[in-house]
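Since the structure comes first, as structure tokens, the remarks are kept for the end.
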Amino acid sequence: MSTQERDWYERAGVRSGPRRHLAQELETGRAFYPPALVPYLNHPQVVALGEARRRELLARHLFQYLDFTAQFETRVVNRATERIAGNRCGVETDVAVRLDAYRIYCDEGYHSLYSLDVIQQVAAASEVAPLAYDFGPFLRRLDAIGAEALPYEPALAQLLQVVVFETLITAVLNDIPKDPDVLTVVRDIVRDHAKDEGWHHVFFARFFRELWAQESAGSRGRIARCLPGLIRCSLLPDLRPVRASLAAAGLAPSAVEEVVHDSYPSASVDQGIRRASRHAVRLFQEVGATAVPGGAEAFEAAGLLP
């Protein structure tokens, strides 16, 4: 057994991690989610709601993040990962790559499991009810980008979705585990997730290099023009659950729109996208995606190049 195989069997969260439980921390003042990562929390309209409502908003922000995670891992990441594992991805791979893809498939299913588990634990203890979240609109937008750029290659588009997402570095995975003011169970599951994702990042970066090397010149151009749209779609804040949460907290529709408008200015959103995508963009530059016809222009138009 190789070192990489042994590491997974001994260290992957699904193989070795305990079930994470909510401790008796709700009365200690620990936050459900880092307030600094919730752009609308300190808006005057939200502050005026009072501390109890703001705490509910933090809980619902956590629920939305975990619900999105649970659905994205199974409906997007594992949709493509299963293609790799099943040798149906259109890329020539050896059996070691397929085995790794099955390991990642197991990891992602486990991330979904404990995300929903923690939603239920926190909701029951806090008596803050999660709001219904429809993942469908996000998935349709993501799929539409691939359908436009790669209309006859849906499997390739799905592979690119996962390569993009698994090579992004977001503040959530980096910052939450370090924040001592956040509930321990939340810090623990995000830390668990981040540890697995570090290995996934390496796998998908290597897989993309193999994919790119096997594609024709024409296909490389289509891929390069598709990637920036996938990056932006993956990182744009989903404002539907934000609006729903603000409304549930008691804000009138006009106030909800004011808070959303003020809290997500275009310049700040674009800056966050550039910051989170820098490692992915560097990978795509290294393989030559910005050197093919239309590639650099597509990345520049998306605001992803310095």
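Every number here is computed from the coordinates shown, using simple stated rules; none is lab data. If you're wondering where the values come from, they're calculated on a predicted model, not measured in any experiment. Using ideal geometry, Cβ is built from the backbone for each residue, glycine included, and neighbour counts are taken over all protein chains shown.
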**Request:** Divide by every residue of the chain the summed helix terms, -39500 (n - 2.57) for each DSSP H run of at least 4, and state the resulting mean residue ellipticity at 222 nm, rounded to the nearest 500 deg cm²/dmol.
**Result:** -22500 deg cm²/dmol
**Asked** Taking square-rooted eigenvalues a ≥ b ≥ c of the alpha carbon gyration tensor, is region 34-301 rounded, prolate or oblate, where a/c under 1.5 means rounded and, failing that, a/b exceeding b/c means prolate?
**Response** prolate
**Request:** Please arrange Glu215, Glu10 by counting, for each residue, the other beta carbons lying within 10 Å of its beta carbon, fewest first.
**Result:** Glu10, Glu215
**Prompt:** In what order do Asp175, Asp196 fall by count of nearby beta-carbon atoms within 10 Å, going from fewest to most?
**Reply:** Asp175, Asp196
**Prompt:** Under a 5 Å amide H to amide H cut-off, with H placed in plane at 1.01 Å, what residues pair with Val182 once short-range neighbours are removed?
**Reply:** Ala31
**Item:** Sites matching trypsin sites (Lys or Arg not before Pro) across region 74-144 that sit in DSSP coil, with at most 13 neighbouring C-beta atoms within 10 Å
**Value:** Arg88
**Prompt:** What is the local net charge at Leu49, summed over the other residues whose Cβ is closer than 12 Å to its Cβ (Lys, Arg +1; Asp, Glu -1)?
**Reply:** +1
**Message:** Can you give the local net charge around Leu113? Use residues other than it whose beta-carbon is closer than 14 angstrom to its beta-carbon, Lys and Arg +1, Asp and Glu -1.
**Reply:** -4
**Message:** Can you tell me how region 137-246 classifies by the Cα gyration tensor, rounded, prolate or oblate, using a/c under 1.5 as the rounded cut?
**Reply:** oblate
**Request:** Could you grab the relative contact order for region 46-198? Cα pairs under 8 Å, six or more apart, rounded to a whole percent.
**Result:** 25 percent
**Asked** If you average the sequence gap of Cα pairs under 8 Å that are 6 or more apart and divide by the length of the chain, what percent do you get for the contact order?
**Response** 24 percent
**Message:** Sorting check: for 165-173, 181-189, which peptide has the highest mean count of neighbouring beta carbons within 10 Å, and how do the rest follow?
**Reply:** 181-189, 165-173
